[in-house]
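Have a look at the structure below, then the notes.
The values are calculated or read from the model by the stated rules, or taken from the named source; none is laboratory data. Every value quoted in this text rests on a predicted model; they were computed, and no experiment measured them. Cβ placement follows ideal geometry from the backbone for every residue including glycine, while neighbour counts extend to all protein chains displayed. Note: areas computed on protein heavy atoms with side chains; ligands, DNA, RNA excluded. Shrake-Rupley method; radii C 1.70, N 1.55, O 1.52, S 1.80 Å.
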There are 6 protein chains.
Amino acid sequence: MNKVSVYRKEHFNAAHKLYNPNWDDATNKQVFGKCNNANYHGHNYVLIVKVTGEIDAETGYVIDLKVLSDLIQNEVLKKFDHKNLNLDTQEFKHLNPTAENIAVVIYDLLRPHIKSDLDLKITLHETDNNYVKYPA
Amino acid sequence: MNKVSVYRKEHFNAAHKLYNPNWDDATNKQVFGKCNNANYHGHNYVLIVKVTGEIDAETGYVIDLKVLSDLIQNEVLKKFDHKNLNLDTQEFKHLNPTAENIAVVIYDLLRPHIKSDLDLKITLHETDNNYVKYPA
Amino acid sequence: MNKVSVYRKEHFNAAHKLYNPNWDDATNKQVFGKCNNANYHGHNYVLIVKVTGEIDAETGYVIDLKVLSDLIQNEVLKKFDHKNLNLDTQEFKHLNPTAENIAVVIYDLLRPHIKSDLDLKITLHETDNNYVKYPA
Amino acid sequence: MNKVSVYRKEHFNAAHKLYNPNWDDATNKQVFGKCNNANYHGHNYVLIVKVTGEIDAETGYVIDLKVLSDLIQNEVLKKFDHKNLNLDTQEFKHLNPTAENIAVVIYDLLRPHIKSDLDLKITLHETDNNYVKYPA
Amino acid sequence: MNKVSVYRKEHFNAAHKLYNPNWDDATNKQVFGKCNNANYHGHNYVLIVKVTGEIDAETGYVIDLKVLSDLIQNEVLKKFDHKNLNLDTQEFKHLNPTAENIAVVIYDLLRPHIKSDLDLKITLHETDNNYVKYPA
Amino acid sequence: MNKVSVYRKEHFNAAHKLYNPNWDDATNKQVFGKCNNANYHGHNYVLIVKVTGEIDAETGYVIDLKVLSDLIQNEVLKKFDHKNLNLDTQEFKHLNPTAENIAVVIYDLLRPHIKSDLDLKITLHETDNNYVKYPA
């Protein structure tokens with residue numbers, strides 16, 4: 001039987017800055033530009049969680065999107081919404097909070113809570129013009 | 001030669017409710033929540049039809065999107081637009097009109113009318129935050 | 001001092017049909033067309049509530065948008081979300097649920113709960129292409 | 001002659017937190033909730049500048065939107081984009097950076113640079129669901 | 001009785017260039033920049049027609065939006081959609097097709113067809129970032 | 001290691017017409033309809049460039065989106081923005097500027113400038129309702 005993908009879109013607002021602690025200030029400034037601003041800047045992140053699997057014949061659902069939304073709320077938004085990613089989270093204490101890295105972290109937070117026969121993909125919009133998908 | 005995908009977006013507005021006739025009312029309410037409201041609720045569905053194939057050297061088209069739009073109008077929108085999916089359609093008389101099932105039904109309605117060397121995928125948005133794709 | 005307007009956007013999904021009980025079926029069909037479908041159809045309504053007043057010097061707010069959002073939830077969304085406007089609500093038992101009338105009803109539901117020195121306006125989107133504002 | 005309004009939309013990304021230095025921490029937390037997070041959070045602000053006046057018969061313009069865009073860039077975006085509004089700007093050193101206050105500040109930054117016979121209004125979106133307009 | 005505004009959104013795609021026949025090429029280039037490209041460029045124009053009046057007690061409508069849509073189709077889109085505004089239209093043979101001027105022209109095309117007790121306003125988006133409203 | 005896709009969205013405005021020089025006028029009119037208008041029409045094209053690869057451990061980037069944006073500016077937008085695709089570009093002198101063909105041309109313009117271990121895909125929106133992706 002062919003599989004169906006279902007998508008749930010959520011939002012969180014966070015501060016961050018991009019920098020590599022192994023580099024000096026000039027290199028950080030050169031590589032990360034405005035995103036290296038010492039006192040942080042921020043974004044309205046748009047998070048889209050995609051789950052792929054077979055339709056359950058009883059419910060007509062691949063996964064109940066209300067359940068998926070609650071899961072995202074508990075495992076991701078509680079940690080990241082209205083937070084400073086660099087200062088307030090364990091996940092980005094030692095990891096540069098680029099959109100790419102945030103998407104991988106969110107995948108790793110959600111994967112254990114989704115049944116193994118369901119496929120998972122994360123899309124994260126940092127701005128309207130810049131976004132990422134993981135796994136590709 | 002590499003292939004190109006073309007997409008046509010259409011809209012329809014319909015009422016529906018989710019329920020499983022094999023379950024009692026309490027179970028339906030528990031599983032489907034607000035979507036089980038006895039007198040129905042409704043959505044502005046956004047339908048995106050994706051067709052993949054090689055570019056025709058004469059026209060520069062994979063498929064004429066005006067022709068595809070007319071096909072969607074005739075095979076899908078005439079049946080579902082401004083209708084009650086549960087009461088007014090053959091397709092959902094005995095099938096729960098979840099977004100997943102609607103996407104599969106639309107695929108099956110369109111597939112016979114599209115040439116076999118063209119690939120077909122359906123994306124259906126039930127709300128801005130909830131949508132599905134078939135085949136995955 | 002010049003005033004500021006603040007806006008809060010919310011959503012609800014509902015079924016409805018348009019008809020005038022004083023008219024025969026043919027007249028209803030002629031005037032309301034597809035929107036007169038006997039078994040209802042539905043929409044993802046987008047509701048924007050605009051409140052205008054002076055900025056409070058202590059908070060920097062005209063009105064706390066979290067408070068406004070809770071008010072909309074309690075006074076409007078609980079009544080209309082995932083409901084059949086014609087069958088499930090007191091407000092539209094004897095009033096045709098056009099976007100115009102829904103906007104006026106929502107205004108009347110919210111007005112008593114907002115301080116009298118604050119101005120109130122309602123925008124209601126029935127579809128992406130059709131929407132209304134009250135008062136004009 | 002009737003007047004025409006022209007609009008130019010721009011974007012900036014900034015960190016901020018809401019707090020009142022005259023209040024204790026508990027009161028700040030109670031009033032501003034998540035927006036009071038000590039280490040800041042952030043937003044993709046959408047700024048819409050509206051200028052109203054008569055059409056110039058030579059150009060067909062009310063104001064050249066390229067000139068208006070450059071003005072917004074120089075007077076607003078250079079100060080606020082990829083910055084911490086509380087820490088990196090003079091304007092919000094002693095003013096709570098609510099959307100209302102940011103809109104008034106942007107108005108005051110732009111007003112001296114726009115000819116006095118042209119009317120000016122600012123719309124600022126903090127999120128998709130929360131936005132403000134000044135003057136009302 | 002308070003009035004309600006209703007809005008209908010339509011689209012058209014057209015080519016144009018900006019220039020003033022009384023100026024030399026260098027001045028046209030300096031004032032209109034890229035928009036002066038000799039062989040034209042083009043836009044997906046988004047047109048929003050706003051009509052304000054009292055709700056008709058029989059229909060619940062200010063104006064039937066299907067009727068308004070047909071009117072826009074006949075009076076505006078047939079003239080401008082998939083056309084070169086400078087070459088293919090009477091209206092812009094001797095008038096620079098800026099967004100401001102296009103909005104005024106569309107107002108003048110529609111005004112005679114809308115009852116005199118209804119107010120009319122035109123919003124025209126040339127791009128996502130640039131748009132105009134007439135009358136202001 | 002799993003790969004990540006990053007996306008950069010850009011815009012350009014251009015005039016075009018669709019026609020096949022090997023066909024007579026009637027056939028061109030029949031096949032391309034309104035898009036065959038002799039004096040051209042135009043669009044706000046939305047271009048999304050997707051690059052897939054592994055995250056660089058030093059930067060946290062797959063590719064610096066500022067670098068990608070500059071590349072798109074230099075290789076694509078300088079050629080096509082505010083131009084007549086049929087008359088002003090080498091690429092479409094002898095190639096019908098359908099969305100499909102434009103996407104392939106943009107791919108070929110960008111591919112040599114992106115490292116060979118990175119995958120490239122182009123999405124091009126001609127209107128909100130019609131868009132294409134290459135390679136599929």
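Details
- About its Cα centre, the dipole of the protein assembly as shown is roughly 0 debye, where the only charges are +1 on Lys and Arg Cβ and -1 on Asp and Glu Cβ.
- Cα centre as origin, Lys/Arg/Asp/Glu Cβ charges: chain D dipole, Debye: 260 debye
- Take E:Trp23: with every protein chain present and a 1.4 Å probe, its accessible area is about 60 Å².
- Relative contact order of the range A:1-50, pairs being alpha-carbon contacts under 8 Å that are 6 or more residues apart, as %: 57 percent
- Normalised alpha carbon radius of gyration of the protein assembly as shown [divisor 2.2 N^0.38 Å]: 0.95
- The range E:3-134 - percent of accessible surface contributed by carbon and sulfur, probe 1.4 Å: 47 percent
- Pairs of Cα atoms farther than 26 Å apart, the range A:3-134, %: 28 percent
- For the range D:20-62, applying the loop criterion from DSSP together with a ceiling of 13 other beta carbons within 10 Å to the trypsin sites (Lys or Arg not before Pro) yields no site.
- Cα centroid separation, the range E:12-33 to the range C:65-131 (Å): 47 Å
- Within the range C:72-104: backbone nitrogen closer than 19 Å to the C:Asn39 label point (7 Å, Cα to C-beta): C:83-88
- Theoretical gain in end-to-end length, E:Asp64 to E:Leu118 [0.36 nm per residue, Cα-Cα removed]: 18.2 nm
- Per-residue Karplus couplings for the range B:79-95, computed as 6.51 cos²θ - 1.76 cosθ + 1.60 with θ equal to phi - 60°, are listed in order as 7, 10, 6, 6, 10, 9, 4, 5, 9, 9, 10, 5, 4, 10, 4, 10, 9 Hz, Gly and Pro entered as x.
- The mean sequence separation of alpha-carbon pairs under 8 Å and at least six residues apart, normalised by the residue count of chain A, gives a relative contact order of 31 percent.
- Label-point separation in nm, C:Glu54 to F:Asp108, each point 7 Å along Cα→Cβ: 6.7 nm
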